[in-house]
Every structure is written in structure tokens, then in C-alpha cells.
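Have a look at the structure that comes next, please.
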Amino acid sequence: MSRFHPVDRQTGYLLPPSVDEWLPEDHLARFIVEVADGLDVSTLEKAYAGRGSAAYHPSVLLALLVYGYANGVFSSRKIERATYDSVAFRFIAAGTHPDHDTLATFRRRFLDELAGLFVQVLEMAREMKLLKLGTISLDGTKIKANASRHSALSHGHIEQLEIQLKAEVESLLALAEQADQSAVPDGMNLPAEITRREARLEAMAAAKAKIEERAKARFEKEQTEYENKLARREQKAKDSGRKPGGKPPKPPAAGPMAQDQLNLTDEQSRIMPVADGGFDQAYNAQAAVDTGSMLVVALGVTQACNDKEQVLPMLDQLAMLPASLGRPKAVVADTGFYSAKNVQACEAHGIDPFIAVKRDEHHPAPAERFTEPAALPADATPAQAMAHKLKTKAGRALYALRKQTVEPVFGIIKSVLGFRQFSLRGLKKVTGEWTLVCLAWNLKRMAVLRPQ
């Protein structure tokens, strides 16, 4: 008598197999299908013209993409292959096999509509009693662009290359005009070499023009800020009757700087410092995370390296959320988000800000951790008032939530899901893809939090 299970790959099923029996009841794929089927995708349905062969339903394609992103499968080709190889993907696709072109086109075509679906999922989380806005943590993380930093050209480097390439073109043209071309190396195609350099010069001229356009916009912004600073300085001198102290503000310089860069592959991405101390071609992805559920409730992508200007956009997004989700009571953010303007903006929205003014010591004295700070002076500055609030027991407890909410969300998305680089290019498209990533994270988190 054999001790092993019999292996028989030849006998067919006595009854047709049911795709519904292939997965456990609590599997993530079942939950994503349930949510996708409950979403209002009528806007997506109306976008189909109704001509030609029958199309795959938007809820099926959406569920395939979301499940793929929730499990680290971002390539449309890999998702197509998984509909043959993976039981979970076969379940979501109901035994069909959308090709990679269909999946890629769907993702690219409906990026704008993802924002509305993202809000619908948040409303579902509220109905499941998983989400009630209270304290929100803000943070940003650098995500690699779909472009190499070696494809970036600086304005100064372009000017040097232009001189070199123009000299090479003149040399090659002179060589081509010679009656005796014995000096031409074997295998060299002079017309091809000239054409290649001229095409390179055209591409660099276009890049140079875009860099100069950016520099012009930057100068206009800096000039306005400079004039505002001068006006405040003059008004202060007029009110006090004394000459203002300190150095006057420095006027901005017009024109591009030598280090101003543009990437030829994805011109809207930027060279940014990354966590390992180096630099990479990247975008700055932002997220506002509810500390109670660790669900992302607002998101964005910016070309700015720092987070200073990202508080207002996040506050605007939070204000546009349905009133049924509740209103945030407090916002927690690290020192990269601090400015007096941002503190005032939070208060204007009726939200209590807890934004670090500077980096604190990692190992404060025990007495400092268990006692309240001294009373705040009557003439304290906004920065001193914020620092004082964060040193209170309540402030320390609330600020501590940041490291156990938004930072773990970024860590899981990048290290567990494996999303470290955008597949799409351009600010608008990567914002849509970041929405898809956060949507996948929210559904994965909701599957964990839901009552069993």
C-alpha cells in the first residue's frame, strides 16, 4: 500500500469546476472583487463607444490592476500572464484573459477617474466602520521616475556640448567636401554621423529653451517675493520710525543657472536627494494618513524636493472629502512641513497643527519626558509656541503617532509591495499611478481591518 497521495493529471473533472471554489473565503482577491463590484463605475462605462467587439467590464480591469499593485505586480504584461498562472488573478478575471494592451490602455485612459473611485473606497471604509477622520499624519517620500538621472542635461553642460558638436559637424562637413576622402576612416558613414550630431543639437536646443522658460517663471516668482519682502521691510521702518536692521533682501538673478537641469526622458521629473545620501531622478509623493486606521485619505505628487509647500494642497483635499467621513481635528507632520504660514493655514481650516519646528534629540532626559515644559512667555513667537506645544505630554503623545502611521505606510508600499519606481511619465500620469498605489494599499488595509 502506497504511503503517498495518488497523482493523476490525465483524468478530467467529472463536473465543470467552479471558479468560486478556488480561493478561501477571506482571500484578498475576493474582497477586492466585492469592493470593485460595489463601486459606481458608470463614468467609466459611458466612455466606451459601444462599437466593435465586446469590451472587458471596467470593474474587472480595475480589480486586476488593484490586486496587482497590492501584490507587487505592476507590469500589465505580468498581470496578463498571471491571469493564466495565478488562481487569484484567474478568479478576478473570471476565467478571461485581458491582454496587456487592454490593461495598459485602461490604466492610462482612466487616470483622472481614479480620484473619484479613491473617495468612494473611503466612503465604503466609513460604512464598514473602519474610518472616522480624527488625527492625520502628513509625510512625503521620493519615488524614482521612469527615467535615468544620466539622461538629465544641465544648462551649462548643454552650452559646452553645443560648442563641441558644432565643431564636429563643421569638421565632418569639411571632410565630406574634399574631393579625396582617403582620410575618412573605414566604416565611417559621413552623412549618418552629421545627421546624428545635428539631431542631438536640435534636442539640446529644445531642452535649453525649456530650461530658460522654467528660469523665467522662477525669476517672476522670486521677484514677486523680493518685492513683498522690501514692502514689509519699508512698512516696518515706517511704523517704527527707525532704519530696519539686518541685511536687505538680495534681488533674484534673471536667466537660467548653469546647474539648472532637464531630463530628456521625463522632463517633468527632477533630480532629488534620496535616503541613502545620493541623488536620483524622482518625484516627491505625498500622503495624508488617518492615524486610527492607517488608511491614506489624501495624496499628491510634486516636483519640489522639500515638503514646505505641500500643507495647503493637502488641506484643500481634506476639505473636499465628503462630510460623512468627518473632519480632521489635528495634523501631525515633521519639520520639513513647518512654516508660520502652514500653521496659520491649519488653524484657518479648524485643524490643530502639530508640526515639528526642528529635529529633537533621540534620547531626551527622563525628567523632560515625564514633566510639562515651563510656561510659555507672553511675547513668544509662533515657532516658540509650536515647539512648546510639542513638548507637552499631550503634544509628545500625538506627535509620536507619525512614526507609527505614515512612515510604516511608505515603508510597506516601497519594501513589501515593492513600489519604488513609477511606470508612467509626466506629473499628471504619475499622480494617477500614485492614486492607484494608495487605492491598492487602502483595500489591502481594509481587508485586514474588516470584521471576520
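Shape of the range 384-452 from its Cα gyration tensor (a ≥ b ≥ c, root eigenvalues): rounded if a/c is under 1.5, otherwise prolate when a/b > b/c, or oblate?
Judged from the Cα gyration tensor, the range 384-452 comes out oblate (a/c at least 1.5, b/c at or above a/b).
Just flag the trypsin sites (Lys or Arg not before Pro) in the range 257-362 sitting in loop per DSSP whose Cβ has no more than 16 other Cβ atoms within 10 Å.
In loop regions of the range 257-362 (DSSP not H, G, I, E or B), the sparsely surrounded trypsin sites (Lys or Arg not before Pro) are LYS308, LYS329, LYS358, ARG359.
Something else: Quick check for you: with a 1.4 Å probe and neighbouring chains kept, what is the accessible area per residue of the chain, in Å²? Let's see the in-between values first.
Numbers: 25890 Å² over 452 residues.
Counting only protein heavy atoms, the per-residue value for the chain is 57 Å².
Given LEU153, LEU262, LEU138, which one lies farthest toward the positive end of the charge dipole of the chain, if we put +1 on the Cβ of every Lys and Arg and -1 on the Cβ of every Asp and Glu?
Positive-most Cα among the choices belongs to LEU138.
Per residue of the chain, what 222 nm ellipticity follows from adding -39500 (n - 2.57) for every DSSP H run with n ≥ 4, rounded to the nearest 500?
That calculation yields -15000 deg cm²/dmol at 222 nm.
Tally up the carbon and sulfur contribution to the accessible surface of the range 233-299 as a whole percent, 1.4 Å probe, everything protein left in place. Working shown, then result.
Values: 1970 of 3730 Å².
Carbon and sulfur together cover 53 percent of it.
Report the local net charge at ILE413: Lys and Arg +1, Asp and Glu -1, summed over other residues whose C-beta lies under 15 Å from its C-beta. All intermediate terms of the calculation are to be shown ahead of the outcome.
Details: positive: LYS142, LYS144, LYS414, ARG420, LYS444, ARG445; negative: ASP139, GLU407, GLU433.
Charge balance in the 15 Å sphere: +3.
Further question: Can you give the relative contact order of the chain as a percent, counting alpha carbon pairs under 8 Å and 6+ residues apart?
Result for the chain is 22 percent.
Oh, and also: When the accessible area of the range 32-170 is split by element with a 1.4 Å probe, what percent falls to carbon and sulfur?
Numbers: 3120 of 6620 Å².
Answer for the range 32-170 is 47 percent, counting heavy atoms of protein chains only.
Under 17 Å Cα to Cα from LYS243, which aspartates and glutamates show up? Leave out anything in the same chain fewer than 8 places away.
Within reach: GLU234.
Starting from the range 39-113, pick out the trypsin sites (Lys or Arg not before Pro) whose DSSP state is loop and whose Cβ has at most 10 other Cβ atoms within 10 Å.
Sites meeting the loop and neighbour criteria: ARG51.
Quick one: work out Rg over Rh on the C-alpha atoms of the range 148-229, Rh as Kirkwood radius.
1.24
Above 17 Å lies some portion of the pair distances; for the range 61-162, what is it as a whole percent of all C-alpha pairs?
Result: 69 percent of Cα pairs exceed 17 Å.
Charges on Cβ only, +1 for Lys and Arg, -1 for Asp and Glu, centred on the Cα centroid of the chain; of TYR226, PHE419, PRO16, which one is farthest towards the dipole's positive end?
Ranked along the dipole, the leading option is TYR226.
For the pairs LYS391/LYS414; LYS221/LYS308; LYS329/LYS393; LYS46/LYS429; LYS78/LYS132; LYS142/LYS444, flag any whose C-alpha to C-alpha distance is greater than 25 Å.
Checking Cα-Cα distances, LYS391/LYS414; LYS78/LYS132 exceed 25 Å.
I'd like the per residue volume of the convex hull spanned by the Cα atoms of the range 1-64, given in cubic angstrom.
Numbers: hull volume 10.8 nm³, N = 64.
Here the figure is 168 Å³ per residue.
Taking a cut-off of 16 Å between Cα atoms, list the lysines near LYS208, but don't count ones fewer than 8 places away on the same chain.
Within the straight-line cut-off, LYS208 pairs with LYS166, LYS216.
Let me ask you something else. Charges on Cβ only, +1 for Lys and Arg, -1 for Asp and Glu, centred on the Cα centroid of the chain; of GLY38, PRO373, MET204, which one is farthest towards the dipole's positive end?
PRO373
Here is a follow-up. Rounding to the nearest 20 debye, state how big the charge dipole of the chain is about its Cα centre with +1 on each Lys and Arg Cβ and -1 on each Asp and Glu Cβ.
1540
Let me check I have the definition right: for the range 137-281, take the eigenvalues of the Cα gyration tensor, multiply each by 5, take square roots. What are those semi-axes in whole Å, largest first?
Values: eigenvalues 447, 97, 24 Å².
Taking √(5λ) for each eigenvalue gives 47, 22, 11 Å, largest first.
Leaving out ligands, DNA and RNA but keeping every protein chain, what accessible area does THR135 have, in Å² rounded to the nearest 10, with a 1.4 Å probe?
Accessible area, nearest 10 Å²: 20 Å².
Right, next: How big is D, in µm² s⁻¹, for the range 309-452 by Stokes-Einstein at 25 °C and 0.890 mPa s if Rh is the Kirkwood radius over C-alpha pairs?
It diffuses with D of about 138 µm²/s by this estimate.
Where the centroid of each part is defined by its Cα atoms, how far is the range 202-276 from the range 6-22 in Å?
Using only Cα atoms to place each centre, the spacing works out to 68 Å.
Would you mind computing Rg(Cα) / (2.2 N^0.38 Å) for the range 1-150, counting N as its residues?
1.32
Oh, and also: Relative contact order of the range 1-83, please, whole-number percent, based on alpha carbon pairs below 8 angstrom and at least 6 residues apart.
24
If you take the Cα Rg of the range 203-276 and divide it by 2.2 N^0.38 Å, with N the number of residues, what do you get?
Ratio of Cα Rg to 2.2 N^0.38 Å: 1.60.
Calculate, in whole percent, how much of the Cα-Cα pair population of the chain lies beyond 28 Å.
Of all Cα-Cα pairs in the chain, 65 percent lie more than 28 Å apart.
Next question, about the same structure. Which loop chymotrypsin sites (Phe, Trp or Tyr not before Pro) in the range 4-91, with loop taken from DSSP, have no more than 10 other Cβ atoms within 10 angstrom of their Cβ? Could the numbers behind the result be given before it?
Numbers: sites: PHE4, TYR13, TRP22, PHE31, TYR48, TYR56, TYR67, TYR69, PHE74, TYR84, PHE89, PHE91; in loops: PHE4, TYR13, TRP22, TYR48, TYR56, PHE74.
Hits after loop and neighbour filter: PHE4, TYR13.
The values are calculated or read from the model by the stated rules, or taken from the named source; none is laboratory data. Owing to the predicted nature of the structure, the values given are computational and were not obtained by experimental measurement. Note: ideal-geometry Cβ built from the backbone for every residue, glycine included; neighbour counts use all protein chains shown. We work out accessible area using only protein heavy atoms, side chains counted, and drop any ligands, DNA or RNA first. Shrake-Rupley method; radii C 1.70, N 1.55, O 1.52, S 1.80 Å.
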